[in-house]
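Since the structure comes first, as structure tokens, the remarks are kept for the end.
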Amino acid sequence: MTLANDMTDWIDVAATSAIADGEHVLAEVDGYPVAVFRIGDEFYAIEDVCSHDGAEIASGVLEGNDIVCPRHGARFCVKTGAVKCAPAYEDIRTFAVKLENDRVWLADGPA
Ligand code: FES
């Protein structure tokens, strides 16, 4: 028998219908600024801080699954936080997302 052991607290961020495909909303989780993106019917959350020099990454352009930093053009995968090109070399933190009752919920800390 497996006992449920989900110690994660979840934070209600927005109605799923409030985030259009290709758009995002901002939230704060445990002191981290977080951007929650919708790509199709999937939702992904990354820290809203470029690992190169701290720009607000969500204000950049979303190209497919990638967000392009508005300051110097580094690129990150929104799904994984993985850095895709210089001048950044470190991934961005991600946050778990779940959908429940037509709302988007964020885990209360980084993945
Ligand atoms: S701050 Fe994002 S690429 Fe420099």
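The values are calculated or read from the model by the stated rules, or taken from the named source; none is laboratory data. The structure displayed is predicted, hence computed values, not measured ones. Glycine gets a Cβ as well: all are built from the backbone with ideal geometry, and neighbour counts include every protein chain shown.
Going by the structure shown, is GLY73 within 19 Å of LEU26 (Cα to Cα) and either touching a helix residue (DSSP H, G or I) at 6+ places or on another chain (Cβ under 7 Å) or assigned to a loop (DSSP other than H, G, I, E, B) (or both)? No.
Residues that are exposed (fewer than 15 other Cβ atoms within 10 Å of the Cβ), touching a Lys or Arg at 6+ places or on another chain (Cβ under 9 Å), free of Cβ contacts under 8 Å to residues at least 24 places away in the same chain and of a type in the set (D, E, K, R): does region 54-65 have at least one? Within region 54-65, one or more residues are exposed (fewer than 15 other Cβ atoms within 10 Å of the Cβ), touching a Lys or Arg at 6+ places or on another chain (Cβ under 9 Å), free of Cβ contacts under 8 Å to residues at least 24 places away in the same chain and of a type in the set (D, E, K, R).
Filtering LYS98, LYS79 for residues that are within 19 Å of THR16 (Cβ to Cβ) and in a loop (DSSP other than H, G, I, E, B) leaves a single hit, LYS79. Within the option set GLY81, GLY40, being modelled with pLDDT of 95 or more and exposed (fewer than 13 other Cβ atoms within 10 Å of the Cβ) holds for one residue only, GLY40. Considered as a group, the residues in region 36-64 that are part of a loop (DSSP other than H, G, I, E, B) and more than 10 Å from the ligand (Cβ to nearest atom) include one that is nearest to SER17 (Cα to Cα), and that residue is ASP41.
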